[in-house]
1. Of all trypsin sites (Lys or Arg not before Pro) in segment 3-65, which ones are in loop regions per DSSP and have a Cβ with at most 13 other Cβ atoms within 10 Å?
2. Please work out the Cα center distance from segment 227-264 to segment 323-390, rounded to the nearest Å.
3. Rounded to the nearest whole Å², what accessible area per residue is found for segment 261-377 with the 1.4 Å probe?
4. Tell me which label goes with the value of Rg and Dmax of the Cα atoms in Å computed from the coordinates here: (i) 20.3, 61; (ii) 22.1, 73; (iii) 30.9, 108.
5. For the chain, calculate the relative contact order in percent as a whole number, restricting contacts to Cα pairs under 8 Å that are 6 or more residues apart.
6. Within 10 Å of each candidate Cβ there may be at most 14 other Cβ atoms; applying that plus a DSSP loop requirement, which chymotrypsin sites (Phe, Trp or Tyr not before Pro) in segment 1-57 survive?
7. Nearest 20 debye, what's the magnitude of the dipole of the chain about its Cα centre given +1 on Lys and Arg Cβ and -1 on Asp and Glu Cβ?
8. Can you send over the carbon and sulfur percentage of the accessible area for the chain, probe radius 1.4 Å, protein chains only?
Amino acid sequence: MKLYSTNNTLSEVSFKDAVFNSMPQDKGLYMPYSIPRLDDDFINNLDKYTLPEIAFKVAQNLLGDSIPEADLKALIDDAINFPAPIVKLEDNVYVLELFHGPSLAFKDFGARFMSRVMSYFLEPGEKQLDVLVATSGDTGGAVALGFLGVPNTRVTILYPKGKVSGVQEQQLTTNGQNIRALEVDGTFDDCQALVKQAFVDNELNEKFRLTSANSINIARLVPQTFYYFNAYAQLLRQGIKKAVFSVPSGNFGNIGAGLLAWKMGLPVEKFIAATNVNDTVPAFLKTGVYQPKPSVATLSNAMDVGNPSNWVRIADLFKNDTEALKELVVGFKYDDEETVKAINWVFDSYGYVVCPHTAIAWQALTDYKQDHAAVDTAGVFLSTAHPCKFPDVFGEEVAAKIDVPEQVKELESKTKLAIAIGKDFADFKGYLLGVD
C-alpha cells in the first residue's frame, strides 16, 4: 500500500511510514494511491461471512503486501473480537450498535486495530513511540484501552476541560501505566490544534518519535470501513440490498470511512452527515462555502468540532467535485433541544435508549425518509456510544432503563490522574519536554 499527502500527490510513503508519521510535514493527510474495488462476488455474498472474515478481506485488499496475510489475520482476530449487530426498530429502520467493545464506543474499532498495527511494526530496540491524541469524548477512552500496557509506547491524551462526560473522563484519566491525560483549558479544536502543531515542531520531532491516534492516522480510518460492510452483510441476510446510512459526524472520520467503503464497492444509496450545531459540513453542502468556525459545546460532545480534520480526505475522494459529493452525501443539523426530543421519541416509540449522538443520527434519518421513502431501502443509523456514558442527558424514566456495564461501575473507585494545562502550544510543548 502506497500513500500520498492530500497536499502533495507526488509524495509517496509506505503504510508503515504513514502509520508512524501520522501526518505529513506539509500538513495534509495520507490517502492511498489506489483504492481497490472489491469483486462483485464478495460484495453480493457478504452475508456468508463473519465480521472478522469481512475485516480481513477488506484490509487485505487495502493494505496489499504491507502486512503478510497470516499476520494480518491474527491481528484482526485479536483486535476485532466483539460484535457490531444491527437491531431492527421497525420496517426498514435499523440501528447499528457500535458500542460493544471495551470502551463502549465505535472508536474501539480504530483504536484496537491501530494499536496492534503499531505494535506489529515496532522493532525490538527501537525508540519509544509517543502517541498523541486529542479527544472530544470517546476517542480518549478507546485509545487508552487500546494501548494500555503495549510495550515501548507512551500515550498522551488531550481533552477539553469540562466538555467531556464524567464516564468519558474516567475512562481516559484513570489508567496510569503508559497512559497520560492532559486537561486542556479550551475546546476540542484547541486540543486538536496542539497535536497538529506538535507534529510539525522540529525540536519535538528530534527528541521524540511522535505519532497520532486521532482519525488523522490512516490506521484509524481503515478498520472503520469494516462495520459498514458488516452492516450490509446483515441486511443481505434479511433480503435487503439497498441501504442508506445516517452517521453522527464530528471530525468526519466515521462517515469518511463509510465513503471509503463505498469507493471499494459497497452499494450505498446515500450517506447522511448528521451533526449538532457545529454544522460546518451541512452548511457547506447547502451553500457550497466551506467555512470552519469555533466549536460550540453541546450534549453530543464527541461531535463538537468546528473544523473537521477528515473533510480534506472526503474532498480528496471526490477530487473536489462538489456536485458529485452532494449526490451521495446530504447533511442535517440539530440543537440540544431537538436532540433531547429525539432521545425521548425513540424511547417512547421503541423502548430503546440512544445516546445523544445516536439520537441525532436517528432524527436525521427520520427527516430524510420524509422526502425519500423507498420500500426496498433500509435506513441504518449508527449508534456510536453506549448511553451509560451520558447519564446527565436522560430523564429518570429513560435513565432507569439503561443497563450500566460492569466496567463502568468499576471506574467510580479509581483515581483521576490528569495534568491541567492551557491551550497555548508553549504550555503543551513545555510539558512534553519536561517529562521525558
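The values are calculated or read from the model by the stated rules, or taken from the named source; none is laboratory data. What you are looking at is a predicted structure, and each value in this text was computed from that prediction instead of being measured. Please note: Cβ atoms are built from the backbone with ideal geometry, for glycine as well, and neighbour counts cover all protein chains shown. Note: accessible area is taken over every heavy atom of the protein model, side chains too, but ligands, DNA and RNA are not part of it. Shrake-Rupley method; radii C 1.70, N 1.55, O 1.52, S 1.80 Å.
1. Arg37
2. Centre-to-centre distance over Cα atoms comes out at 14 Å.
3. Value for segment 261-377: 42 Å² per residue.
4. (i)
5. Once divided by the residue count of the chain, the mean separation gives 19 percent.
6. Tyr33
7. 480
8. The value for the chain is 48 percent carbon and sulfur by accessible area.
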